[in-house]
1. If you go through the stretch 128-150 one residue at a time, do you hit one that is closer than 26 Å to Ser33 by Cα, open to solvent by less than 50 Å² (accessible area, probe 1.4 Å), more than 10 Å from the ligand (Cβ to nearest atom) and not acidic (Asp, Glu)?
2. Scan the stretch 10-35 for residues that are more than 12 Å from the ligand (Cβ to nearest atom) and closer than 21 Å to Thr128 by Cβ and report the count.
3. Can you find a residue that is over 22 Å from Gln20 (Cα atoms) and in contact with a Gly (Cβ under 9 Å, 6 or more places away or on another chain) anywhere in the stretch 99-118?
4. Please list, ordered by first then second residue, the pairs with beta carbon atoms under 6 Å, 6 or more apart or interchain, first in the stretch 117-138 and under 16 Å from Ala52 (Cβ atoms), second away from the ligand (no atom under 11 Å from the Cβ).
Amino acid sequence: MIHAPLPLVWSILRKFSNPQSYKQFVKSCDMVSGNGATGSVREVTVVSGLPAGRSTERLDRLDDDLHLMVVSIVGGDHKLLNYKSTTTVHEEEQEEEGGRTGTMVMESYVVDVPADSCEEDTCLFADTIIGCNLKSLAKITEKLVRLDVA
Ligand code: A8S
């Protein structure tokens, strides 16, 4: 649960051309085609120290009514082969916040398990990165709420 309004959380998540705004492992992002609409392709460069350098990713679906986005990894020098994630957000009542609504973010994925690895390790790796990303998204949006700029 993120203690920030859905429109704020969604506005950051949906910007396909700017994943580095909350993904701390992303160093930079160049658009290969499109400008953030469905079908756009981006090339993400990750920070040093990770077992990967680049990832080519396609925005398969962006739905601002359902608050849903689907991203496929289509290339790169990493081990997440045929990775495809679905992210949805919805509003949730916050009991301790005087009835103001917070935001739930759900992220699920499918991925191939490499021949030299196993399902447990592959999922632990992806889950860890996703967990960091969502924690960072919460931290940033909750700070904007506290600063009252949102
Ligand atoms: C995302 C989710 C993931 C990104 C992973 C799992 C990645 O960007 C990093 C390291 C890798 O080895 C794979 O939503 C890849 O970003 C941080 C480069 C794809």
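1. yes
2. Within the stretch 10-35, residues that are more than 12 Å from the ligand (Cβ to nearest atom) and closer than 21 Å to Thr128 by Cβ number 2.
3. Checked against the condition, which is being over 22 Å from Gln20 (Cα atoms) and in contact with a Gly (Cβ under 9 Å, 6 or more places away or on another chain), the stretch 99-118 yields no hits at all.
4. Pairs found: Thr122/Val113.
The values are calculated or read from the model by the stated rules, or taken from the named source; none is laboratory data. This is a predicted model, so every value here is computed, not measured. A quick note on method: Cβ atoms are made from the backbone with ideal geometry, for glycine too, and the neighbour counts reach across all protein chains shown. With ligands, DNA and RNA removed, areas are computed over all heavy atoms of the protein, side chains included. Shrake-Rupley method; radii C 1.70, N 1.55, O 1.52, S 1.80 Å.
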